[in-house]
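The values are calculated or read from the model by the stated rules, or taken from the named source; none is laboratory data. Keep in mind that this is a model prediction, so the values were computed, not measured. Methodologically, a virtual Cβ is constructed for each residue, glycine included, from the backbone with ideal geometry; neighbour enumeration extends over all protein chains shown. Side chains included, ligands, DNA and RNA excluded: accessible areas come from the protein's heavy atoms. Shrake-Rupley method; radii C 1.70, N 1.55, O 1.52, S 1.80 Å.
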Amino acid sequence: MNAADKRPFEDRYSACFIDFGVKTVTGLLIGSMMGSFFFRGYKKWPMFIGGGLGFGMAYMNCENSLNSFLWSMDPKVCVIKKQP
């Protein structure tokens, strides 16, 4: 069971930037290790694929976090007042 996330929008938004950095760098590192260990020499394409996968996962997490915050808000009713 997940508890409801009560963080404000600014905290979620700043956490997205940290998540982007961590997951992209981790993907780059894992991709460079895969390229050097398994492909006999230094190849750049596994590093780019790993970085892209990390960036994509961070984007998906950020989108879900921000959308869940925006969907949980109580929309205010717009009332147009007539001028006399």
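Charge dipole of the chain (Cα centre as origin; +1 on each Lys and Arg Cβ, -1 on each Asp and Glu Cβ, all else neutral): 200 debye, rounded to the nearest 20. Against the chain, whose longest principal axis comes from its Cα atoms, helix 9-38 is set at around 20 degrees.
Farthest toward the positive end of the dipole of the chain, out of Met60, Ile49, Ile30, is the Cα of Ile49, where the dipole comes from beta carbon charges about the Cα centre. Under 25 Å Cα-Cα from Lys44, which lysines qualify once same-chain neighbours fewer than 8 residues away are excluded? Within the straight-line cut-off, Lys44 pairs with Lys23. Across the chain, the longest piece that holds none of the trypsin sites (Lys or Arg not before Pro) lying in DSSP loops with up to 12 other C-beta atoms within 10 Å covers 7-39. Looking only at Tyr42, Tyr59, Tyr13, which one moves most when the chain is put into a Gaussian network model with springs between Cα atoms under 10 Å? Taking springs between Cα atoms under 10 Å, the residue moving most is Tyr42. For the chain, adding -39500 (n - 2.57) for each run of n ≥ 4 DSSP H residues and dividing by the number of residues yields -25000 deg cm²/dmol at 222 nm. Amide H contacts of Lys43 (H built 1.01 Å from N, in plane; Pro and chain starts excluded): Ser36 sit under 5 Å, all sequence-distant by 5 or more or on other chains.
On a 0 to 90° scale, report how tilted helix 45-72 is relative to the longest principal axis of the chain, with both axes built from alpha carbons and the result rounded to the nearest 10. Rounded to the nearest ten degrees, it is 20.
Keeping all protein chains in place, calculate the accessible area per residue for the chain (probe 1.4 angstrom), answer in Å².
Numbers: 7210 Å² over 84 residues.
Accessible area per residue, the chain: 86 Å².
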